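The structure under discussion appears below in the form of structure tokens.
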Amino acid sequence: MVDPLPLTQQSRLVLKELTVVPDDNGEHLVGDPQTGVFVALPTIGVTVIDQLRGGATLGMAGQVASVDAGEEVDAVDFGETLVELGFVAAVDGRPVAPPPDAPTRRWIAGVRPELARPLFAPLAWLCYGLLFVGCAVLMVARPAYRPAADDLYFLSSPVVSLGVLAVWAMFSTAGHEIAHWLAARAEGVPARFSIGRRLYFLVFETDLTQLWGLPRRRRFAPLLAGLAYDTVVLSGLLAVQLISADEFVDRVTAALVAVEISGILFQFLVFLRTDLYAVLVMLFGCRDLWRVNTLELRRMFGRLDEPQAAELAKAHPRDRRVANWFRWLSIAGFAAAAWYFVAFVVPALWTLLGWITESLSTAAPTTGRFWQSVIFAVLALAPMALLLGVTARERLRRHYRRSR
């Protein structure tokens, strides 16, 4: 492995297996599916890439691109950018070491695309849409089926109730993410799984970066697949409620419905970069809406420094236009999240901790009640512990980057 810089007009670059997908605004999305790094390039950049793929030197590629563009094109500078992005495999026959901060990702394939496609065919999506509308209509027309905070405590013990629901939520979340993965496999691309957080919400994520190597119309189904899965599960639970005549079954399904509704509503908090945020970004053709929105909010509250102001001025015009209204959505979303934390999370946590303290202080360690309390307390508190661990990991990584 060698350091290929500086490049010259005579340098020949061997590029990796890059994908080049035309975008609606005249640009092209170019990227390496293996690392998940994608960038938007003008047509002239793709011209240089095509020339390099054909064996041309940087000088030759620059001449062709200059004729097409009607102005001088610095192909050497562009070649250095390709190296920095990790898009170059070799220079003049010598392998190039990947950038020091290049992402290393293990992609999961497994299921053959033809096996997954029936789940995301047009007829399947029609069914998912009808089920979603049906659930919404039922919630509006029949208030008895709307979730309430008290539904979560469907057993005599609040800790056991929350412990059971924590297990259910983990399985439900796993199904949600697997649906994303299956939809990606239906399109012929792999994905990967990770754990992160949004504010005080613990989230399990499916990395669908490789979708950027597909035409835009083929990216929507994998992004919406998790919501389709949640809709199917919710429909099944509501169907059980509608036909059940047993009080205990009604209590259990009401609690599970509350969990599923919370998961679906979370996706509408687009300011937290949920699935629907990704759909919105794809729909409007944004490049880096999250960063531009952050800068717009800092400007709005008088906290934008000079480097950030310069960065905002150079942002993509489409991101600036969308951020003009998205920032208000973000502010409203933060306010709603704060209300939810005070109205639901704090009371539930207070009840949970109070019950755990009482149970552990009044029951002897030799009794079944004591160990039952311990087991379900661990299950109920596990998501919070995992959230704290993810937060600590993020802070350590941020500190490491700053100290480099």
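Here, each number is a calculation from the coordinates, and none is a lab measurement. Everything numeric in this text was worked out from a predicted model, so none of it was measured. Every residue, glycine among them, receives a Cβ derived from its backbone with ideal geometry; neighbour counts consider all protein chains shown.
Taking other C-beta atoms within 10 Å as the exposure proxy, 314, 16 rank 314, 16 from fewest upward. Note that segment 319-328 has calculated 3J(HN,Hα) couplings of 4, 5, 5, 5, 5, 4, 9, 5, 5, 5 Hz, one per residue in order, obtained from phi through the Karplus relation 6.51 cos²θ - 1.76 cosθ + 1.60 (θ = phi - 60°); glycine and proline are x. Among 266, 341, a tally of other beta-carbon atoms within 10 Å of each Cβ gives an order, fewest to most, of 341, 266. Across 124, 338, 364, mean-square fluctuation computed from a Gaussian network of the chain (C-alpha pairs under 10 Å connected) peaks at 364. With a simple spin-label model that places each label point 7 Å from the Cα along the Cα-to-Cβ direction, the separation between residue 114 and residue 364 comes to 6.7 nm.
For segment 279-296, backbone phi angles converted through the Karplus equation (6.51, -1.76, 1.60; θ = phi - 60°) give residue-by-residue couplings of 5, 4, 4, 5, 5, 8, x, 6, 9, 8, 4, 4, 5, 5, 5, 4, 5, 5 Hz, Gly and Pro being listed as x.
Placing +1 on the Cβ of every Lys and Arg and -1 on the Cβ of every Asp and Glu, with no other charges, gives segment 13-95 a dipole of roughly 380 debye about its Cα centre. Between 118, 365, 317, where does the largest GNM mean-square fluctuation fall for the chain, given springs only between Cα atoms within less than 10 Å? Largest GNM mean-square fluctuation: 365. Put in order of Cβ neighbour count within 10 Å, fewest first, the listed residues 289, 280 become 280, 289.
Comparing mean-square fluctuations of 309, 61, 337 from a GNM of the chain with C-alpha springs under 10 Å, the top value falls on 309. On C-alpha positions alone, give me the angle between the axis of helix 43-53 and the longest principal axis of the chain, in degrees, nearest 10. That works out to roughly 70 degrees. For a test of the definition: using alpha carbon positions, the gyration tensor, and the 1.5 limit on a/c, classify segment 13-95 as rounded, prolate or oblate. Oblate, because a/c is 1.5 or more while a/b does not exceed b/c. Distances between placed amide hydrogens fall under 5 Å for residue 15 paired with 89, all partners being 5 or more residues away or on another chain. The C-alpha atoms of the chain define a longest principal axis, and helix 158-186 lies at about 30 degrees to it. Using only side-chain charges placed at the Cβ, +1 for Lys and Arg and -1 for Asp and Glu, the dipole size of the chain relative to its Cα centre rounds to 600 debye.
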